[in-house]
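Novice: Would you mind keeping the following structure in view while I ask a few things?
The values are calculated or read from the model by the stated rules, or taken from the named source; none is laboratory data. Note that this is a predicted model, so its numbers are computed, not measured. Glycine gets a Cβ as well: all are built from the backbone with ideal geometry, and neighbour counts include every protein chain shown.
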Amino acid sequence: MQVLSDKEVIIRIKNGEIDYFAHIVKRYTKRIYNYVFKKISNREDVEDIVQNSFVQLYKAVGRLDQDKQVLPYLYEIVRNEMKMFWRARKASIPLDEEIASEEKEEYPETDLIEKQLVRLPKEQRKALKLVSEGYSYKEIAKYLSRPINTVRTIIRRARLRLSKLKTHEKT
Amino acid sequence: MKKLEKKILKKVYSFETRQTLSELALRLLAMMSLILGSILLCVFIVRELIQQQTLDVFEIFFEDLGVVSENIGEVTATFLQELPKVEMFLAIVAIVLSFLLVVKFMQNFVKVKNKINSIVKFWFVH
């Protein structure tokens, strides 16, 4: 199989050569699978979400900007699919209020981190989010249109600031 | 992971096969009915004009050039007056629409051809 960039693949798919979608599937399935598996542990559900996400991506290919990378868009779709999955679950299993409050008590850190993240500068927040989604520094540099060393600095500063905020909150 | 990749591709191809076939069928049906409709309307209009003997006004073109230039305005006015207007309007709309559909189809022809090739390759060669 030829090694083609995302842009070339998207151009070909837009031209009707849909067999090139296999390139995208082969390139990103593992990464997306691992990403979803971190949040949802049921293998079947994960597979369903991954499949639906790729189908949604395929449906949206015509509207995709070929100069932009596919992966951020795919992550956006995956996040939406997961939201829909949780919503469907919520609708089918009414959550006991007691259990819900217990769960909230189990993860008090999540809310705190979200609050602290909001207090970071936009660029640092974006970079940290991308790191948590499994992007490499190189990809983040490309996404933010910054040199890789700058991205390293941004992330280091963001982490430092987060830990400072954390200790400040505790005291 | 290979199994999952196959499942994804199967889902994508099922969607695309349904989409391409229904789109193709709809387009062909629309094109054929519009072309057929415009032909029928044209035949109807010509038959009507023959019946009304409206076409006889054009016999003037067998006369001298002077006579033609003198009466051309009157001939055209008579012709336009006797035309079945509603049918004429419908025929023009049908012709324009079918022309646009054919042009659009020609523009997308390579894309549709590539899609059909990929679909056939996936379902019958793999």
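Novice: Any residue that is of a type in the set (K, R), under 19 Å from B:K6 (Cβ atoms) and modelled with pLDDT of 90 or more - is there at least one of those in region A:28-40?
Specialist: Step one: list which residues in region A:28-40 are of a type in the set (K, R), which gives A:30-31, A:38-39.
With under 19 Å from B:K6 (Cβ atoms) added as a condition, the list becomes A:30-31.
Among the residues that remain, those that are also modelled with pLDDT of 90 or more are: A:30-31.
Yes.
Novice: Do we find that B:V125 is exposed (fewer than 12 other Cβ atoms within 10 Å of the Cβ), modelled with pLDDT under 95 and within 11 Å of chain A (Cβ to nearest Cβ) in this structure? Can you show your working first?
Specialist: Details: exposed (fewer than 12 other Cβ atoms within 10 Å of the Cβ): yes; modelled with pLDDT under 95: yes; within 11 Å of chain A (Cβ to nearest Cβ): yes.
Here the answer is yes, as B:V125 does meet what is asked.
Novice: Condition check: more than 14 Å from chain A (Cβ to nearest Cβ), in a helix (DSSP H, G or I) and either without any contact (Cβ under 8 Å) to a residue 12 or more places away in the chain or within 28 Å of A:I10 (Cβ to Cβ) (or both). Does B:F99 satisfy that? Break it down stepwise before answering.
Specialist: Numbers: more than 14 Å from chain A (Cβ to nearest Cβ): yes; in a helix (DSSP H, G or I): yes; either without any contact (Cβ under 8 Å) to a residue 12 or more places away in the chain or within 28 Å of A:I10 (Cβ to Cβ) (or both): yes.
So B:F99 fits the description; yes.
Novice: Here is a follow-up. Need at least 2 residues that are modelled with pLDDT of 80 or more and within 30 Å of A:V70 (Cβ to Cβ) per element, so show me which helices (runs of 4 or more DSSP H) inside region A:91-171 make the cut, counting only ones lying wholly within it.
Specialist: Working: elements: A:97-106, A:108-118, A:122-132, A:137-144, A:148-170.
In region A:91-171, A:108-118, A:122-132, A:137-144, A:148-170 are the helices (runs of 4 or more DSSP H) which contain 2 or more residues that are modelled with pLDDT of 80 or more and within 30 Å of A:V70 (Cβ to Cβ).
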